[in-house]
Structure formats: structure tokens, C-alpha cells
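Worksheet: the structure to be examined is printed underneath.
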Amino acid sequence: MRLFLAIVCTFCCLTARAQDVSFIALGDMHYDRFEDHDMDYVMTRPQDFAQIMNEYPQYTAAYMGKFLQLIKKQTTTINPPVKAVVQLGDLVQGVAGNAALARQMNRGVVDLLHATELSVPWVLAKGNHDVSNSPGQPEAWEEVIRPFIEGQVGKPIDSGMYTYKLGENVEFFVLDQFFSVDRNRPESEMVAFLEKELKNSSAKYKFVMTHQPVIPVTVRSWHLLSGIRRPVTDPKLRTRFLNLLAKHKAIVLAAHLHQYSVVSRNTPQGNIVQVMINSVNRSLTPPEPKNMSTEYKGGAWVDENPEWQPSNQDVRRKILEEEKKHVNKFWIADLPGYAVISIDDSKGEVMMNYYNGFSEVPYQSVSLTELQQLKK
């Protein structure tokens with residue numbers, strides 16, 4: 001009898017332990033090579049031209065392959081075991097200039113991901129550079145990147161809006177706010193997708209993957225359903241979206257702004273926790289944070305940066321001042337790197353370790369569960 005009980009106890013412990021899991025989260029990467037661009041076309045886009053001439057091809061050549069090998073190493077050494085690597089959009093720089101070069105660029109990054117030989121799947125979100133308005137770029141995503149993702153997650157992914165489960169307890173909800181080739185679909189479809197999938201999910205730990213953040217955290221106020229860059233026909237849609245995320249305790253993973261940020265924001269349904277990541281490395285030496293702040297300044301950011309898009313200053317100031325009322329905790333810095341997010345199911349806790357650059361020692365450890373429970 002004692003032997004039987006011991007076996008049962010051991011089995012129960014192993015089963016409980018099996019619910020513990022980690023995954024690695026990467027932000028923007030902007031894979032790029034000079035040979036993947038029609039430079040005559042690129043020269044018609046001054047901002048992109050400057051980035052391509054001075055940044056991304058050099059960063060890709062010097063750091064990206066080494067960085068992916070570090071990520072591979074971490075997938076084999078971190079505990080609880082890493083079960084996936086997620087990447088939050090802008091995998092490529094885009095702006096190739098024609099359809100053939102766009103496909104060439106995407107094949108180059110897919111070849112690099114395959115060559116990394118991860119033992120766990122890639123789970124990718126779509127970024128604005130991945131499907132930019134450069135000729136052939138959205139179609140190249142459909143022809144090259146989409147099949148790669150489907151091969152990794154083992155299912156069709158529609159336009160890039162899909163779910164993926166890490167066992168029974170952890171599920172990703174991947175948003176597509178760009179809609180690839182068809183850019184006329186309303187953003188209400190994104191909210192409807194989440195409403196349906198979150199309601200039907202049996203997962204205890206839920207993560208929403210999105211390129212653009214949900215909560216604005218810089219002067220640019222670039223976030224989902226802001227109404228700034230794309231008009232929102234239903235003014236209540238964002239409130240519905242925020243309450244939905246809070247109700248289901250869905251942790252938001254975002255990128256886009258090339259910053260590392262953690263924020264807890266309250267709603268009538270509870271708190272939303274958002275982690276924003278940047279993985280554009282500019283050095284092999286782990287960087288120190290730049291422009292670090294723990295103050296959510298709201299509208300003051302607009303006044304401190306009057307040169308940024310003066311035409312919509314009043315709109316952004318109003319948005320940021322309203323958000324400021326709801327922020328419980330905030331941290332931001334220019335600090336590229338990667339995040340390891342781990343679930344300790346026995347404690348019911350989600351912990352994030354953020355690593356700066358190529359470091360293998362966490363720069364910052366944050367209990368995302370505690371941020372969900374904060375009171376303002």
C-alpha cells in the first residue's frame with residue numbers, strides 16, 4: 001500500500017511539474033541585406049534609406065546569427081524547459097522595392113531560422129515592416145513567411161491571426177492588425193477573434209501576441225485602436241478590447257517601438273500587463289539601459305517632444321493623459337535583448353526575466369502575476 005501511495009505521489013508531482021513551462025520572447029529584428037533592395041526605389045523613401053544604409057544590414061551581418069545561436073543555447077539550458085520561441089513582428093526590414101527581392105529577403109530570413117535548428121517551434125506575429133507598402137512585400141509574406149509559420153505551429157494561420165497552445169495550460173493568441181494583402185478589413189474583426197478564442201480557451205495562462213502595443217508607452221502613441229493612424233469607426237471598441245484582455249487575465253506581448261517596457265494598467269475588469277521587447281542588437285557587449293524611466297508622463301511627453309508630428313499633438317496629448325490615470329506601474333528603457341517568461345503552475349505565477357543584449361544573466365526579473373494584482 002505504501003509503495004502504491006508513493007508511486008501515486010510521484011506521478012502527481014511529475015504531472016504538476018509538467019505544467020511548468022518557459023518560452024523565449026523576441027521583439028523587432030529587422031533582418032536585412034543590401035542585395036535584397038532595389039536601391040533606386042529605396043532612395044524614394046528617405047527614412048528607410050537612412051536605416052538601410054546605416055543600420056539594419058550591418059546589424060544583421062554582425063549580430064543576428066550569433067544572437068540566434070544564443071537563443072538556441074538558452075532553449076536547452078533554461079528551466080522550466082523552453083517550449084517555444086515567439087517573435088513579435090518586424091522579422092524583416094522589408095522595403096525591398098519589388099516582388100522578387102521581397103521574396104528573396106523573406107527566403108533569406110526563413111533560411112536563417114531553419115539554420116538555427118531550434119528544437120522548439122517558432123511562433124511569429126506579423127509586423128508593419130513584414131507587410132509594408134513596398135511593392136510585393138505583403139504578397140511575399142503570404143508566399144514565404146506564412147508557410148514557414150504554418151509548418152512550425154502545425155496548423156493554418158489565416159492571415160496571421162491564430163492561436164497556439166503550449167500544452168493544456170498555456171495558450172498564445174496572435175493578432176494581425178495589418179491584414180496582409182487585404183488592408184480593408186475592419187479592426188473590429190481582431191476584437192471579435194479575441195472574444196471568441198478567449199471565451200473558448202481552457203488555458204489558465206493566456207498571452208496575446210501583437211506587434212503594436214495595446215497600451216501607449218511613448219510620445220508616439222502608436223498602439224492598437226488609437227484612431228490616430230487608422231480611423232476607428234466604433235469609439236467604444238478600445239474599451240471593449242481592454243476589458244476583454246483584463247477579464248481573461250491575458251498578458252500582452254508587444255514590440256514595434258524598439259524599447260523595453262513593462263506596464264500595468266487598470267480597467268473595470270482588472271489589470272492589463274504589457275511587456276514590450278526590442279531585439280535589434282547593436283553590439284556584442286550587453287548594453288546598459290539608456291533613457292530609463294519609471295514615470296508615465298502622459299501628455300507631458302508631447303510637450304517635451306514638440307517636433308514629433310505636430311499635426312496630431314492635441315489628439316496624442318489627450319490619449320496619453322487619459323492613459324496616465326489608469327497606469328499602476330511603469331518601466332521603460334532603450335535596452336535591446338530578449339525575455340524568458342516562465343510559468344510556475346504550483347504557485348500560479350508568471351515570471352519574466354529580461355536579458356540585455358547577449359547576456360546570459362537576467363538584467364531584470366519581474367513577477368507579471370504581481371503586476372496583474374496591483375492596486376493603484
State all residues of segment 292-307 that are among the β-branched types (Val, Ile, Thr) and open to solvent by less than 30 Å² (accessible area, probe 1.4 Å); if no residue qualifies, say none.
VAL302
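Among ASN133, ASN128, which is within 27 Å of ASP38 (Cβ to Cβ), touching a Phe, Trp or Tyr at 6+ places or on another chain (Cβ under 7 Å) and surrounded by fewer than 20 Cβ atoms within 10 Å (Cβ to Cβ)? Write out each step before concluding.
Working: ASN133 fails: touching a Phe, Trp or Tyr at 6+ places or on another chain (Cβ under 7 Å).
That would be ASN128, the only listed residue that is within 27 Å of ASP38 (Cβ to Cβ), touching a Phe, Trp or Tyr at 6+ places or on another chain (Cβ under 7 Å) and surrounded by fewer than 20 Cβ atoms within 10 Å (Cβ to Cβ).
Quick grid of which residues meet (1) touching a His at 6+ places or on another chain (Cβ under 8 Å); (2) in contact (Cβ under 8 Å) with a residue 12 or more places away in the chain; (3) among the basic types (Lys, Arg); (4) surrounded by fewer than 21 Cβ atoms within 10 Å (Cβ to Cβ):
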residue	(1), (2), (3), (4)
ASP111	no, no, no, yes
VAL144	no, yes, no, yes
ILE149	no, yes, no, no
LYS165	no, yes, yes, yes
VAL170	no, yes, no, no
Output the residues belonging to segment 98-109 that are within 22 Å of the chain's Cα centre (by Cα), open to solvent by less than 40 Å² (accessible area, probe 1.4 Å) and farther than 19 Å from THR75 by Cβ.
MET105, ASN106, GLY108
For segment 67-87, name all the residues that are open to solvent by less than 70 Å² (accessible area, probe 1.4 Å) and touching a Pro at 6+ places or on another chain (Cβ under 9 Å).
THR75, ALA84, VAL85
Report yes if ILE272 is touching a strand residue (DSSP E or B) at 6+ places or on another chain (Cβ under 7 Å), hydrophobic (A, V, I, L, M, F, W, C) and either part of a helix (DSSP H, G or I) or crowded, with 18+ Cβ neighbours inside 10 Å (or both), otherwise no.
yes
Within segment 227-269, which residues are over 29 Å from LEU335 (Cα atoms), buried (at least 16 other Cβ atoms within 10 Å of the Cβ) and of a type in the set (Val, Ile, Thr)?
VAL232
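Restricting the search to segment 350-366, which residues are surrounded by 15 or more Cβ atoms within 10 Å (Cβ to Cβ) and either among the acidic types (Asp, Glu) or part of a strand (DSSP E or B) (or both)?
Across segment 350-366, the qualifying residues are VAL350, MET351, MET352, ASN353, TYR354, TYR355, ASN356, GLN364, VAL366.
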Limited to segment 284-341, what total is found for residues that are more than 22 Å from VAL262 (Cβ to Cβ) and part of a loop (DSSP other than H, G, I, E, B)?
6
What single numbered condition from (1) out of contact with any strand residue (DSSP E or B) (no Cβ under 6 Å at 6 or more places or on another chain); (2) assigned to a strand (DSSP E or B) fails to hold for THR163?
(1)
Could you tell me whether any residue of segment 25-33 is crowded, with 18+ Cβ neighbours inside 10 Å and part of a helix (DSSP H, G or I)?
no
For segment 190-222, how many residues meet the condition of being modelled with pLDDT of 90 or more and open to solvent by 10 Å² or more (accessible area, probe 1.4 Å)?
16
Test: GLU171 is at pLDDT 95 or above, within 15 Å of LYS206 (Cα to Cα) and either part of a loop (DSSP other than H, G, I, E, B) or of a type in the set (Asp, Glu) (or both)
yes
Inside segment 115-155, the number of residues satisfying the requirement of being among the acidic types (Asp, Glu) and in a helix (DSSP H, G or I) is 4
Out of MET64, MET53, I need the residue that is in contact with a strand residue (DSSP E or B) (Cβ under 9 Å, 6 or more places away or on another chain), open to solvent by 10 Å² or more (accessible area, probe 1.4 Å), over 19 Å from ASN128 (Cα atoms) and assigned to a helix (DSSP H, G or I). Which one?
MET64
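Residues to consider are ILE277, ILE319, ILE332; find the one that is under 27 Å from LYS83 (Cα atoms) and open to solvent by less than 80 Å² (accessible area, probe 1.4 Å).
None of the others qualify; the one that does is ILE277.
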Selection count where residues are touching a Leu at 6+ places or on another chain (Cβ under 6 Å) and within 15 Å of VAL217 (Cα to Cα), scope segment 258-291
5
Being over 10 Å from ASN169 (Cβ atoms) and of a type in the set (A, V, I, L, M, F, W, C) is the filter; apply it to segment 199-215 and report the residue that is nearest to the chain's Cα centre (by Cα).
MET209
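The values are calculated or read from the model by the stated rules, or taken from the named source; none is laboratory data. These figures come from a predicted structure and were not determined experimentally. Backbone-built Cβ (ideal geometry, glycine too); neighbour counts: all protein chains shown. Only protein heavy atoms, including side chains, enter the accessible area calculation; ligands, DNA and RNA are left aside. Shrake-Rupley method; radii C 1.70, N 1.55, O 1.52, S 1.80 Å.
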